[in-house]
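Reviewing the structure listed below.
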Amino acid sequence: MEILAYTKAHDQFRQRMRAFLEEEIIPHINQWEADHITPKWAWQKLGRAGFLCTAVKPEYGGMGGDFLYSVIAAEEMARTNHTGLASALHSDVVVPYIEAFGNEAQKKKYLPGCVSGDIITAVAMTEPDAGSDLAGMTSTAEEKDGLIEINGAKTFISNGINADLVIIAAKDPAEPNAHKAMSLLIVEDGTPGFKRGRHLEKMGFHSQDTAELFFTNCRIPAENRLGEKGSGFSMLMEKLQQERLVTSIGAQAAAELILEITMEFCKNTPDKDGKPLSKYQATQFALVEMATEVKLGRAFLDKLIAGHAAGEQVVVETSMAKYWITDLAKKISRRCTDLFGDYGFSEACPIVRGLRDVRVMPIFAGTNEIMKNIAAKFMGL
Amino acid sequence: MEILAYTKAHDQFRQRMRAFLEEEIIPHINQWEADHITPKWAWQKLGRAGFLCTAVKPEYGGMGGDFLYSVIAAEEMARTNHTGLASALHSDVVVPYIEAFGNEAQKKKYLPGCVSGDIITAVAMTEPDAGSDLAGMTSTAEEKDGLIEINGAKTFISNGINADLVIIAAKDPAEPNAHKAMSLLIVEDGTPGFKRGRHLEKMGFHSQDTAELFFTNCRIPAENRLGEKGSGFSMLMEKLQQERLVTSIGAQAAAELILEITMEFCKNTPDKDGKPLSKYQATQFALVEMATEVKLGRAFLDKLIAGHAAGEQVVVETSMAKYWITDLAKKISRRCTDLFGDYGFSEACPIVRGLRDVRVMPIFAGTNEIMKNIAAKFMGL
Amino acid sequence: MEFELDKSQKEIQKAVRDFTRGQFDKDLILEAMGSQKFPSAIWKKAAKLGFSSIHTPEAFEGGGMGLLEYVLAAEQMCKKDSSAGMALMLTGFGSECIFRFAENRLAEKYLPPVATGKMRAAAALFEPGAGQDISDIRTTAMEEGESRVINGTKAYVPNGASAGFYVVLCRNGADAPETSQNDLVLMVVDADAEGISIEPVGPTLGAGLMDFAHVTFENVWVSQKNQVGRTGSGREHVLAFLNEARIQAAAMALGTGQGAFDRALDYVRQRRQFGKQLAAFQITRHKLADMTARLDAARWVVYRAAAAFDINACDARTAASAKLTATDAAMAITDEAVQLLGGYGYMAEYEVEHFYRDAKTLEIFLGTPGVLKDVIAGAVIGRLK
Amino acid sequence: MEFELDKSQKEIQKAVRDFTRGQFDKDLILEAMGSQKFPSAIWKKAAKLGFSSIHTPEAFEGGGMGLLEYVLAAEQMCKKDSSAGMALMLTGFGSECIFRFAENRLAEKYLPPVATGKMRAAAALFEPGAGQDISDIRTTAMEEGESRVINGTKAYVPNGASAGFYVVLCRNGADAPETSQNDLVLMVVDADAEGISIEPVGPTLGAGLMDFAHVTFENVWVSQKNQVGRTGSGREHVLAFLNEARIQAAAMALGTGQGAFDRALDYVRQRRQFGKQLAAFQITRHKLADMTARLDAARWVVYRAAAAFDINACDARTAASAKLTATDAAMAITDEAVQLLGGYGYMAEYEVEHFYRDAKTLEIFLGTPGVLKDVIAGAVIGRLK
């Protein structure tokens, strides 16, 4: 019994994308990891092949695919074992803000480029002194001379160096209610007063450019506001379910990949007597236990995907999935490395990159502690 | 999105059964726990009300319900927080042997009584020196004078004292292949040479009679053999999936009940300042984490129930569910008691019985270690 | 540093081990289990040898030894039988407050009967609705001439229905704010004083050879001579006592874990399945290795905490951390022992099932993991600006 | 029992702590991280103070202290920086075999350069395909007159590309069965000997300031004078060395955990969210309490194992159990530290991310949990009939 009703068209899309990634993307990944950035041409290639923003409507250049196409794209990208080509972030987290809240002019202007890969996007919420506490942010957006002037600093921004378009959250200093003060604003690359800060060194995500962004008297046209003035907080809240779900999908796919690689290694690696490592009972138990947890995560996640695709509000379950599955990916990565012996601490070991990469998942898109707070609140505790 | 397609008829059955249990069963449970046995009238009352053996076909007195009725009956019984009226064991583990493998005469003779509650059944596999190792059993069944003579000892037999009919597994000593030697035999209460041993004292399951059974030159008619001679092992193998699934259903319902009681306690118990315990962050996190695990188990289990009901072979997943969910119930019981403070070690605390009861679940129906061995084998490790 | 037991400690350890081997009759213990039937006969013999009041000064007929020796004895007792060990080693529960903080006069009166196996003691600290917290004590001890009048209820008092006297934590006067921390006083109250009513807790999950009760004091008159320490020192004394008692509970957990481990090891070496001993299966071996590592870790934090206590260097963090680690280990080990014994593990006859219930009881008793973490965090984080 | 450090131990602890504060330059360390750039300058200073060969006898220019003092030093080093600590404290990896089991002549030749910061050492034990197991050694050391000729490959040798000499575990002659346990011999081989080829492992998950390499010996001629101990004693020496080295790794894990804990504690006391310090949230507090309890447990098993080693009372179980507990604690603590620091926890600049990677590396190095459990189980279960 499968929970998700993938059609033949979905399956073909998955096969096409997998073949494309195999051929066009995977051969370059080691270089991108070393470079600490992924080149823009890769985004364009992916977009032109039809694997970016599958949900965008045809009138804006997309294929108008249902949510399962997003799921497939996110899973297949996760299986490439790198994070630089952050297509799920772009396609299913950032661009949906433009799709959902942008006016016709904004959609016409930006969406085709987002789909083709010519416009790489980022969303800038987190600030150096306000992590998961969105209401605590201090960046300001003031109307001046018919323009909007942005001041503030953002950090941990994925695609921060590559981004051609940044959606930034900032507050009107004149509005005392933190939740009503926030707007979302579109800032294009090259806008005076918008500067990239340091390209941050981190444990993993090496092929992805994570950066600080600085806005100093950065003036943008008033029409670059997304949605109503002051509606930023509610827009964020509305889209967080999908962001967290997409994070869970990525973590689930990463856990599955790490375990799959490990299982193959144990099956195919003999000890000195020629007995495969997978014949040792303790190894078997480790693999069975991890496979069980991965299947549990998958069943829970698929049920959630089905609910999300059907338009259900699944705040509690999404928070639960985000924390449990990202923790799962982390735990699996830790336990699997032990099965490789000394090879397990070499970067040549095929799951070590994953170990470093998945460690951020329990932190981003709202820390797992925030997820539990949210779940507790919505469970009436 | 719900995974299982319960109909209105199912829901009504659940409500009827819950009301029945509330009225007719629950008021007596404390007494049965103290007595260390559940009276036979309770079985009859349950059977006459239509809550035993829902799967048995109408021609034998049953309602011919689908597997979801069994699921509902098992879940509702688990929610009574006692184990003496072991209806799921009877209805979904033991009686199915007669239904599936019995000949017409056996079915006509026994099934109506099983449905009405006049015949309480037990299955006797485990021996003092062979726990989960079925092939290692030593009880014998020899043909003598047109009869079958059984010799051997069985232990840990649920319903051991109450049972009117015992299905016993025994081996033909003349057959050297352990797997081909085993037959299943029906022994009725009162057969000469069939004696009950001690009523065993145990950690929990106090209202259930767990006993040793002894067979000494116990002769039964040849027509009391179930199925073909020597097919016992394969009959057991065929039915184990459902036994383990039913165990998982009971454990899942127990975990849900324990958590539900604890959550209500924390919501409704104020500290000295009037602040409910559920307002403490650490308590919230504990409840959220446990609720998440319970929901994970539920999604995985429901998917499996759907597969089983559709006739799928789900050996690996069933083994995984049996170990993970029974361990879950145990862990939940441990963690929940802490939230009660000192009350948590009093037998008056409403989850303490559950803590004692669920501890056997990782052991029976094949230990969780056996489950992992099976999963490893079927995963090709 | 020196991690070896000295000669006298080894002797104590051996003496207690020999005693339990000789005196802990398995069948009698199993029969009494769950009925709160206290093992009086064994206690009298243990008391004669000075084991159950091992750390009470000799002047009051105790063993005159340190907490470390108490720990060694408790470990041995609980290793042989966790329920009997708990019952016997908690007979003097609260007497520490008297011999450490009270005038000799009080100790001379109350402690010898405890040390000689004639009377049990009970510290009565926590209150209904307050959990395991002494920051909000509502039981009052009002001064009336040369007496104090005690009113209030104490919950889940160990030996609550059987003790000869209670060491009761009270607020000094009703006027002080209820959460005042500097207004507490400890009073020793005879169990037969007028105005005391006892509501037994009834059957408990573990600790099946001892009783717990809720004890209500209604206008109970007590001589001021029965006050422990000075007025206002109650909180300080109880916090020190809790440190000591938590280390004691940790030692019981250690012994409980060790006892379950020993039984599991024996079993898997004997029992054969699928043609070989259970101990030959790698997964059994790894379980035993895990249990061993947890026992090692528990043992050294418990011994270290006790040794620190004996040189007045034990803070709340050390004691709470030792209890947290040791009871967590005991739970994991007893749980695994039940599992390793399979069906037998669930049966009373094979004992490990009550070790599991006792481990769980010890995990809650004197501070659930949550309470202990609050204590530890308070110590390591300190006051926040 | 006596759980206090003595005066000289406290002095060592303080001296190393002061040294790391003065000499471990965070920016330089972060810059070198991951490039296997060994911190030579710091090493020379540490060597001058006798820290990195602290347990090498004074006769060979070491510190002349015990393993416990090594443990204290390693803890302090790794607390300040886990990667620098590992690199510095493992400079003499394998020299223990020489000063404990070889003739003085060999020690006099090889150890002073190590102790004085001129040359690194490397024990070359494990082989490709054999995991972390010495029961099946295929590298041979055939006698040829007054020499031995070594052939074979050793895998994941610490300092493998930088050491001045290797302590190589070999089989004595090719004729003995490959799994013979009584036919092993340890040889000291100069790194510049002809026939040695080195294949660097390249970047590693942790231990970013040191190197690992696979080392192949192809007809490498070594004087018989370079033999450690007697022929056939190789296994016994290496097992003893593994005990010592596992306790060393456990101490590094302890320091790594403590360092991550300290940083997390600092952070949550400073950082405010939702209007209050992170340290004011109960869940943060409980995490810190858990970390504290794990550190306590790890610390005492590690100290105890080292103290036992110093009095020749450390068996394989004690060492393996200490490493299992300490590295498990280090993983849990560094993981939680990363989480407590949130986004900063993932950034190189805030250091805890490399503590996490180092903890994971230590968890694998010298025995994964699985290998350690095999060892412990072997010891507690013994031989099966």
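The values are calculated or read from the model by the stated rules, or taken from the named source; none is laboratory data. The model shown is predicted, which means the values in this text are computed figures rather than measured ones. Heads up, the Cβs are rebuilt from the backbone with ideal geometry, glycines too, and the neighbour counts pull from every protein chain shown.
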Worksheet item: Given (1) assigned by TED's automatic domain parsing to the domain that holds B:I37; (2) surrounded by fewer than 21 Cβ atoms within 10 Å (Cβ to Cβ); (3) within 21 Å of B:K180 (Cα to Cα), where does B:E104 come up short, assuming only one miss?
Response: (3)
Worksheet entry | Test for D:M331: is it farther than 15 Å from D:L205 by Cβ, surrounded by fewer than 24 Cβ atoms within 10 Å (Cβ to Cβ) and of a type in the set (A, V, I, L, M) | no
Worksheet item: Quick one: how many residues across the stretch C:275-307 are at pLDDT below 95 and closer than 17 Å to D:A306 by Cα?
Response: 0
Worksheet item: With C:V215, C:V228 as the choices, which residue is within 14 Å of another protein chain (Cβ to nearest Cβ), of a type in the set (V, I, T) and either in contact (Cβ under 8 Å) with a residue 60 or more places away in the chain or closer than 29 Å to B:G344 by Cβ (or both)?
Response: C:V215
Worksheet item: For the subset of the stretch D:7-37 comprising residues that are in a loop (DSSP other than H, G, I, E, B) and modelled with pLDDT under 95, which member is farthest from the other protein chains (Cβ to nearest Cβ)?
Response: D:K37
Response to the item:
By residue number, the members of the stretch B:139-161 that are more than 14 Å from every other protein chain (Cβ to nearest Cβ), among the polar types (S, T, N, Q) and more than 15 Å from the chain's Cα centre (by Cα) are B:S139, B:T140, B:N151
Discussion item. Please determine whether any residue of the stretch C:308-319 is surrounded by fewer than 24 Cβ atoms within 10 Å (Cβ to Cβ), within 13 Å of chain D (Cβ to nearest Cβ), polar (S, T, N, Q) and without any contact (Cβ under 8 Å) to a residue 24 or more places away in the chain.
Written reply: yes
Worksheet item: Just to be sure, is A:F51 in contact with a strand residue (DSSP E or B) (Cβ under 9 Å, 6 or more places away or on another chain), over 20 Å from A:R196 (Cβ atoms), buried (at least 20 other Cβ atoms within 10 Å of the Cβ) and in the same structural domain as A:R18 (by TED's automatic domain parsing)?
Response: no
Discussion item. I need the full set of residues from the stretch C:111-168 which are crowded, with 17+ Cβ neighbours inside 10 Å, over 13 Å from C:V189 (Cβ atoms) and of a type in the set (G, A, S), in order please.
Written reply: C:A115, C:G117, C:G129, C:A130, C:G131, C:A155, C:A161, C:S162
Worksheet item: Out of all the residues in the stretch A:186-204, which are under 20 Å from A:I119 (Cβ atoms) and touching a helix residue (DSSP H, G or I) at 6+ places or on another chain (Cβ under 6 Å)?
Response: A:I186
Worksheet entry | Matching residues in the stretch C:104-138 - criterion: being out of contact with any Cys (no Cβ under 8 Å at 6 or more places or on another chain), within 13 Å of chain B (Cβ to nearest Cβ) and of a type in the set (V, I, T) | C:I134
Worksheet, complete the sentence: The residue that is surrounded by the fewest Cβ atoms within 10 Å (Cβ to Cβ), considering only those in the stretch B:327-350 that are facing chain C (nearest Cβ under 10 Å) and among the aliphatic types (A, V, I, L, M), is B:A348
Practice prompt. Residue by residue through the stretch D:288-307, note down the ones that are facing another protein chain (nearest Cβ under 7 Å) and either in contact with an Asp or Glu (Cβ under 7 Å, 6 or more places away or on another chain) or within 18 Å of D:Q9 (Cβ to Cβ) (or both).
Written response: D:W300, D:V301, D:Y303, D:R304, D:A307
Worksheet entry | Those residues of the stretch A:140-156 which are closer than 26 Å to A:I370 by Cβ and either modelled with pLDDT of 95 or more or among the charged types (D, E, K, R) (or both), in sequence order | A:T140, A:A141, A:I150, A:G152, A:A153, A:K154
Fill in: Condition check for A:I249: surrounded by fewer than 20 Cβ atoms within 10 Å (Cβ to Cβ), closer than 29 Å to A:D338 by Cα and assigned by TED's automatic domain parsing to the domain that holds A:D338
no
Discussion item. If the requirement is being at negative phi, touching a residue at least 12 places away in the same chain (Cβ under 8 Å) and under 25 Å from the mean Cα position of the chain (by Cα), which of these qualifies: B:I363, B:I332?
Written reply: B:I332
Worksheet item: Could you list, in sequence order, the residues of the stretch B:357-381 that are within 7 Å of another protein chain (Cβ to nearest Cβ), under 30 Å from B:F265 (Cα atoms) and of a type in the set (D, E, K, R)?
Response: B:R359
Item to complete: For the stretch C:333-373, name all the residues that are in contact (Cβ under 8 Å) with a residue 12 or more places away in the chain, in a helix (DSSP H, G or I), within 14 Å of chain D (Cβ to nearest Cβ) and farther than 18 Å from B:D357 by Cα.
Response: C:I333, C:E363, C:P369, C:V371, C:L372, C:K373
Fill in: Residues of the stretch A:246-296 satisfying the condition of being of a type in the set (G, A, S), closer than 19 Å to A:V352 by Cα and within 9 Å of chain B (Cβ to nearest Cβ)
A:A291
Worksheet, complete the sentence: A careful count of residues in the stretch D:360-385 that are more than 23 Å from the chain's Cα centre (by Cα) and of a type outside the set (G, A, S) gives 5
Item to complete: Tell me, please, whether a residue that is facing chain C (nearest Cβ under 9 Å) and either modelled with pLDDT under 95 or surrounded by fewer than 22 Cβ atoms within 10 Å (Cβ to Cβ) (or both) can be found in the stretch B:312-322.
Response: no
Response to the item:
The one condition D:R235 fails out of (1) assigned to a helix (DSSP H, G or I); (2) crowded, with 20+ Cβ neighbours inside 10 Å is (2)
Worksheet item: Inside the stretch A:115-138, can you point out the residues that are surrounded by fewer than 22 Cβ atoms within 10 Å (Cβ to Cβ), among the polar types (S, T, N, Q) and touching a residue at least 40 places away in the same chain (Cβ under 8 Å)?
Response: A:S116, A:S132
Worksheet item: With respect to the numbered conditions (1) of a type outside the set (A, V, I, L, M, F, W, C); (2) under 21 Å from the mean Cα position of the chain (by Cα); (3) within 14 Å of chain C (Cβ to nearest Cβ), which one is the sole condition not fulfilled by B:G136?
Response: (2)
Worksheet item: Is there any pair linking a residue in the stretch D:102-122 that is on the phi > 0 side of the Ramachandran plot to one that is crowded, with 17+ Cβ neighbours inside 10 Å, with Cβ under 7 Å and at least six apart or on different chains, and which?
Response: D:G117/D:W43; D:G117/D:A47
Worksheet item: So which residues in the stretch B:300-311 are surrounded by fewer than 24 Cβ atoms within 10 Å (Cβ to Cβ) and at the interface with chain A (Cβ under 7 Å from one of its Cβ atoms), if there are any at all?
Response: B:A306, B:G307, B:A310
Practice prompt. Determine whether C:A264 is among the aliphatic types (A, V, I, L, M), touching a helix residue (DSSP H, G or I) at 6+ places or on another chain (Cβ under 7 Å), at the interface with another protein chain (Cβ under 7 Å from one of its Cβ atoms) and touching a residue at least 40 places away in the same chain (Cβ under 8 Å).
Written response: no
